[in-house]
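Every number here is computed from the coordinates shown, using simple stated rules; none is lab data. Note that the structure is a prediction, hence the values are computed from the model and not measured. As a convention, Cβ positions derive from the backbone with ideal geometry for all residues, glycine included, and neighbour counts pool all protein chains shown.
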Amino acid sequence: MNVGEKIKEYRKRLNISGKELAQKLGVTPALISYYEQGKRQVPLKTLMQISEIIRVPLEYLVTDKEYISYSAYRGKGRITKEEKEEVALFQEIVDNYIRIAKLNNFDIQYQGPNDYRGKTISDQEIGIIKAQLEVPLIVHYKNLVEALWLKWRIAVFALPFKNKNLSAITIRRDDIYGVFINKGHTNERNFFSLAHELGHILMHLDTDEFIISRLGSRDPKEKEANEFASRFTVPYALLMNKVGNNSFSETITAEKIWEMARYFNVSYECIAYNLVKANILNYSKDEIARWKEPIKEYEYKIAIDDFPAIYRLLVYLAWEKGEISISKAGNYLLSDIQTVNDEFGKIGQILGEF
């Protein structure tokens, strides 16, 4: 494909019309049509603007390299325009992550097992996975985030999502993983979501693609990842030990389920699922769903601190070596130059102490 054909192809993937692209560029729709038909050459400055709008790195527009078309496991219905925009932003972050890692000669390739692809993971195998990650039987969110990076090179980005019904998105590119967790949900929900995404990585993601995890998805792979997360976050034996000899079948309340959820540091629905599975609760899924805590409103604003420490450090090192400008660093961190300057000043002070 030539440049014009690529522009058309990639904007259509993002559900951006020629008219919308023209409005964002401040030109006429006819000019966009000329660009895409190859009747007019696209100026470099305009091409750079288009690259940012359609969220495709410039190199993919001007070379023969193809920007990989992803598939998504999803619940019901087609992926929405808003979800495509969310995924496109996260794909851009992963691309930048890979780019700055290469600038620093830093290996971020996945280092975890590939033995569970297409399989159901047993409780015994979950124990083996936890041993490989060197995490305790009852693992907490921060423990898991650190272990996934240190042991398996899986980077976790806790960012606010525009789409509140999405719990997480995992992107794989060139055997490199970026897991995006919706910062707007509760800590318990985020922990369950991270374990859920770990299930996807181990069982489902064997090619370059992304997986969208929605709240309440009915997709078989989503159910499989949910089942894995329930057993990973709440070991059955420990749950039964905590329940003890108490007869919960008639007296269980939403408050007690929340108390258990806080003890295990997991989502409310995770505890409810396990109690139903153990025949301690006899409630239907619909009844349990009505007890869920609603998603709280939150401000959609991405901050530097939302990016993993290793990502920020790699951007800093690339800037320090003169590989990228402070402006480019700002683009990588989705922040203004002053904020990036302040962040780099702090990192510089820390590194100067060694």
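Listing for the model above:
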read-out: Label-to-label distance, nm, for residues given as Y34 and N331 (7 Å Cα→Cβ offset); value: 2.6
read-out: Coil-residue GluC sites (Glu not before Pro) of segment 197-282, DSSP, other Cβ within 10 Å capped at 11; value: E250
read-out: For the chain: Kirkwood Rh in Å [reciprocal of mean 1/r, alpha carbons]; value: 22.3
read-out: Choice from Y177, Y332, Y300 showing the highest fluctuation, given a GNM over the chain with Cα pairs closer than 10 Å; value: Y300
read-out: Ratio of the Cα radius of gyration of segment 84-131 to 2.2 N^0.38 Å, where N counts its residues; value: 1.67
read-out: Length gained when the stretch L238-I138 is fully extended (0.36 nm per residue, less Cα-Cα span); value: 35.1 nm
read-out: Cβ-Cβ FRET estimate between E146 and R262, R0 fixed at 22 Å, reported to 0.05; value: 0.55
read-out: Theoretical gain in end-to-end length, R13 to N282 [0.36 nm per residue, Cα-Cα removed]; value: 92.3 nm
read-out: Approximate spin-label separation M48-K162, in nm, with each point projected 7 Å along Cα-to-Cβ; value: 2.4
read-out: Among V179, V87, V135: highest mean-square fluctuation, GNM of the chain, C-alpha pairs under 10 Å; value: V135
read-out: Helix-only [θ]222 nm of the chain, DSSP H runs n ≥ 4, -39500 (n - 2.57) each, per residue, nearest 500; value: -16500 deg cm²/dmol
read-out: Added length on full extension, which subtracts the Cα-Cα distance from 0.36 nm per residue, K65 to T120; value: 16.2 nm
read-out: Gyration tensor over alpha-carbon atoms, segment 81-233, equivalent ellipsoid semi-axes in Å; value: 22, 19, 15
read-out: Fluctuation leader among N143, N279, N341 - the chain, Gaussian network, Cα springs under 10 angstrom; value: N279
